[in-house]
Amino acid sequence: MPGTDITQLILDDHTTFRQAFAQLDDLSVSGDADNLAKAWQPLADLLDVHAMAEEEIFYPQLLRKVDDAEDETLDAIGDHNDIRDGVRDASREPAGSDAWWAAVHKTRVANDEHMAEEEREGLADFRKGAPMELREKLGRQFVEFKAAHPTAENLDTRDKDPEGYVERHDPDHA
């Protein structure tokens with residue numbers, strides 16, 4: 001299956017996130033709560049599904065294939081928690097309300113920071129440290145995970161303990 005390099009698939013999702021937040025910006029002018037909710041829910045689901053896919057597939061391999069990936073992984077899991085918190089906060093508010101926009105903004109800031117760090121560090125390091133065969137194998141798993149979870153409905157989107165995550169997934173963790 002060509003085009004299944006996990007690093008590229010993650011970058012593709014990052015592009016989708018940027019476009020979806022820009023769409024929310026465009027919709028903010030109208031203030032139409034129904035349209036805002038219709039635009040937000042697929043983005044919220046993708047944010048949660050993407051984070052879970054990374055935690056199931058990408059970050060365990062980053063810890064195995066890249067020296068000193070522990071700090072990057074701790075930071076990424078913490079970022080995912082911040083993103084999940086924002087998504088959860090937005091789900092409790094009426095779309096278009098000030099509180100909803102504040103939660104969406106919180107989510108966007110956390111996601112923007114996470115994407116920048118991941119693109120600069122984790123993804124770049126993984127491209128240097130993992131063979132293409134592994135990257136494509138993981139990409140297929142990433143695609144399958146997302147296909148099996150088109151929404152976050154049946155996923156455990158609770159925050160994770162970053163230290164505990166690294167302890168469970170890093171073969172070199174003391």
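The values are calculated or read from the model by the stated rules, or taken from the named source; none is laboratory data. Source: prediction; values computed, not measured. Ideal geometry is used to build each Cβ from the backbone, glycine not excepted, and the neighbour counts take in all protein chains shown.
Figures for the structure shown
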{"quantity": "Cβ-Cβ under 7 Å pairs, at least 6 apart or on other chains, region 109-131 side in contact (Cβ under 8 Å) with a residue 24 or more places away in the chain and surrounded by 14 or more Cβ atoms within 10 Å (Cβ to Cβ), far side outside any helix (DSSP H, G or I) and of a type in the set (Val, Ile, Thr)", "calculated": "ASP125/VAL66; PHE126/VAL66; GLY129/VAL66"}
{"quantity": "Test for GLN41: is it polar (S, T, N, Q) and closer than 19 Å to LEU134 by Cα", "calculated": "no"}
{"quantity": "Subset of region 66-79 [among the acidic types (Asp, Glu) and outside any loop (DSSP other than H, G, I, E, B)]", "calculated": "GLU70, ASP71, GLU72, ASP75, ASP79"}
{"quantity": "Any hit, region 83-92, residues being hydroxyl-bearing (Ser, Thr, Tyr) and under 23 Å from ASP32 (Cβ atoms)", "calculated": "yes"}
{"quantity": "Filtered residues of region 64-92 (kept if of a type in the set (Val, Ile, Thr) and under 14 Å from the mean Cα position of the chain (by Cα))", "calculated": "THR73, ILE77, ILE83, VAL87"}
{"quantity": "Helices (runs of 4 or more DSSP H) (entirely within region 80-174) containing at least 1 residues that are within 18 Å of LEU63 (Cβ to Cβ) and modelled with pLDDT under 95", "calculated": "123-129, 162-169"}
{"quantity": "Residue tally, condition surrounded by 11 or more Cβ atoms within 10 Å (Cβ to Cβ), among the basic types (Lys, Arg) and either under 29 Å from ALA39 (Cβ atoms) or without any contact (Cβ under 8 Å) to a residue 60 or more places away in the chain (or both), over region 138-169", "calculated": "3"}
{"quantity": "Selection within region 19-40 - without any contact (Cβ under 8 Å) to a residue 60 or more places away in the chain and within 15 Å of the chain's Cα centre (by Cα)", "calculated": "GLN19, ALA20"}
{"quantity": "Subset of region 69-87 [of a type in the set (D, E, K, R) and either crowded, with 21+ Cβ neighbours inside 10 Å or under 22 Å from MET132 (Cβ atoms) (or both)]", "calculated": "GLU72, ARG84"}
